[in-house]
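Asker: I have a structure I would like to understand better, so I am pasting it below and will then ask my questions one at a time.
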Amino acid sequence: MSDKQHEHKINLSIDEGTSQGRYANLVMLYSNATEFVVDFATLQPQQPLAKIHSRIILNPVQAKRLAHMLADQIKHYEQTFGPIRQSEVKTGPESVQ
């Protein structure tokens, strides 16, 4: 059977509040044998506390798919807009800021 015969159409809906999105300038990533936990937070200037506002928990297969999708999107972005400069700031063992 071809891949097209195995494709399933998924209809998605999103409520208005969720569609507005949330800004995150701090991402923390944790993992164990069965899941990856991604926390998104906002760190305000001159504030010692970052508030986590979203936590996404993924199984390893979905985490790897997300990693590939992000890599593809970053490649496309950099081809369009130029290289993304990375900050050297780290706030935790697996954080991205």
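Asker: Collect the residues in region 32-61 that are exposed (fewer than 10 other Cβ atoms within 10 Å of the Cβ) and at pLDDT 95 or above, keeping them in residue-number order.
Answerer: Across region 32-61, the qualifying residues are Asn32, Ala33, Thr34, Val61.
Asker: Suppose we filter region 77-90 for residues that are surrounded by fewer than 10 Cβ atoms within 10 Å (Cβ to Cβ) and in a helix (DSSP H, G or I); how many remain?
Answerer: Here the count works out to 3.
The values are calculated or read from the model by the stated rules, or taken from the named source; none is laboratory data. Here the structure is a predicted model, which means the values were calculated and not measured. Neighbour counts are summed over all protein chains in view; Cβ atoms, including those assigned to glycine, are modelled from backbone coordinates with ideal geometry.
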